[in-house]
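Here is the structure we will look at.
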Amino acid sequence: MRVTSLLLAFFVVAGSSMAPGATIPDQAVFNVIRQIDPTLASEKIIYRNVVAPDLDLVIAIGSTAEWAAGSDSTDLWWDENRKLGLFLQDKARPDRVYLLTLVAGPEDCGARIERATSTDTVISCTGEKSRQWMNQKFVYDVRAKALISHFAYQPFAMLHAFNASGHTVFVGYDLTDLTKRVAVEFNPGGSPEFRILTKEDAAPWLARVGQTLSLDDPSPTRFGEADAFTFVRGHTDIHGKEYPSSIVDSQGKKYPLPQSTYDDFAKARPGRVEDGYVRKVTTIDEGIGPVQIEGDKLWFGKGFYDGEGRSGVGGFGYFEATDHQFHLFTLPEVADFYVSAIHVEPETVWMGISHSGEWGSSPAGLLRYDRKTHAVRKYDLPDEVYGFIASGNRLLVYTRSGIGIIEGDQTTRYFVDRTTDGRLRVAEATR
């Protein structure tokens, strides 16, 4: 949708009542919001940054109801009762505020700023049950201080990645229409480093995954001397019967994953006990999640559903083919979560962690575990992690929202964006 806007400048009159804790520039924006829509009872600034020598871009949200106590997150619910506003504000004269847009939210949108620059802002929306709604994009002209267009497009989740023949390629899906896919090539040191492959260049990579959404290879994984052990991925049959993942030796003997006791659970997750997960109503049901072979070891992350009376203790470890034993690690940083992806290096274990409950899954970040010192470093990656690919001294992470790069302590995120003329491009995320 193309928008033709007149320049709307607001010159805020001094003396308006100040919101608790608000700065003078923030209060000026709040006053404008209430001038436009007096039904909005409370406001928050969720982003502010310089986009021109004399201007700040300000993103705010207004609500018809007061915020819940302790609600200070910059990732907010945006629905028909809350309006998201984009403004330009004069740095030298903060009482001079220019409206770009003030718009009510789409259906049940957990809003996050994906990108905010001098040319455009992209808001991603996650709904109930972790449903990914369309990205909302606002394009503006800072010099004209006006909105040019507002449109929506489906994001691409990066479900698969390949590192072959000197190429690193990610395959993304539109989760509402699996026929819509995109292949993104990573060219380290290139300018740009990411590019959308043409239909012809993408074809062989798309052929590798077919139309499947599965993140896990269903074929048996063999490991140990002479492939003495086989890992078989769990599944659910057409009648709804569940078959858990299992490790089996060449004689047919099964090695089930040891389950946490309720006492283990209560010690590792006291907060969950306070939520009502007492002994008589809690079923511990833990399984083997993502796996990676390292010599005679099958490394894995634990998985469990955390809702409706079922639960578990998050952790990771390996099954050792030489001693036929599980070696498990439970750390406070992972106890509340399932491991969505694992990447094992000689000195480090990387894990994506998420919470899986009745209302869907929600990402909890990325962990780096030092195998020698046992130190844990957490990266606040806001996306559910599906896998890893190493590239030199950088680690590439493919996620539900795009691609992340970890280099040292720095994390940079990228996503597939759509331009006003319908082209796809890879854009760096602002947050």
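Summary of values
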| item | result |
| --- | --- |
| Dipole magnitude of the chain about its Cα centre (Cβ charges: Lys, Arg +1; Asp, Glu -1), debye to nearest 20 | 760 |
| GNM top mover of Phe415, Phe138, Phe162 - the chain, alpha-carbon springs below 10 Å | Phe162 |
| Cleavage-rule hits (trypsin sites (Lys or Arg not before Pro)) in segment 88-140: DSSP loop, at most 11 neighbouring Cβ within 10 angstrom | none |
| Debye equation applied to the C-alpha atoms of segment 374-431, log10 I(q)/I(0) at 0.13, 0.18 Å⁻¹ | -0.38, -0.66 |
| Rg/Rh for the chain, where both radii come from Cα atoms and Rh is the Kirkwood radius | 1.02 |
| Set Lys91/Lys145; Lys302/Lys378; Lys44/Lys145; Lys137/Lys199; Lys44/Lys83 screened for pairs whose C-alpha atoms are more than 20 Å apart | Lys44/Lys145; Lys137/Lys199 |
| Most mobile of Val97, Val278, Val349 in a GNM of the chain (Cα contacts under 10 Å) | Val278 |
| Kirkwood-based Rg to Rh ratio, segment 8-152, C-alpha trace | 0.95 |
| Those lysines that a straight Cα-Cα span of less than 19 Å connects to Lys372, excepting residues fewer than 8 apart in one chain | Lys297 |
| Highest average packing first - 421-429, 280-288, Cβ atoms within 10 Å | 280-288, 421-429 |
| GNM flexibility winner over the chain from Gln27, Gln136, Gln35 (Cα, springs under 10 Å) | Gln35 |
| Rg over Rh, two decimals, segment 270-341 (C-alpha only, Kirkwood Rh) | 1.05 |
| Among 335-344, 381-390, the order from most to least packed when residues are scored by Cβ within 10 Å on average | 335-344, 381-390 |
| Calculated [θ] (222 nm, deg cm²/dmol) that DSSP helices of n ≥ 4 give over the chain, each run adding -39,500 (n - 2.57) | -2500 deg cm²/dmol |
| Mean projected area (nm²) of the alpha-carbon convex hull when segment 309-431 is viewed from all directions | 10.3 |
| Amide H contacts of Gly315 (H built 1.01 Å from N, under 5 Å, at least 5 apart or other chain) | Lys302, Val339 |
| Estimated distance in nm for a label pair at Lys91 and Arg195, the labels positioned 7 Å out from Cα along Cα-to-Cβ | 3.6 |
| Nearby aspartates and glutamates by direct alpha-carbon distance to Lys280 (threshold 18 angstrom, same-chain neighbours under 8 apart not counted) | Asp263, Asp264, Asp306, Glu308 |
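All of the numbers you see were taken from the coordinates with simple rules; none came from a lab. Predicted, not measured: the structure shown is a model, and the values here were computed from it. Neighbour counts are summed over all protein chains in view; Cβ atoms, including those assigned to glycine, are modelled from backbone coordinates with ideal geometry.
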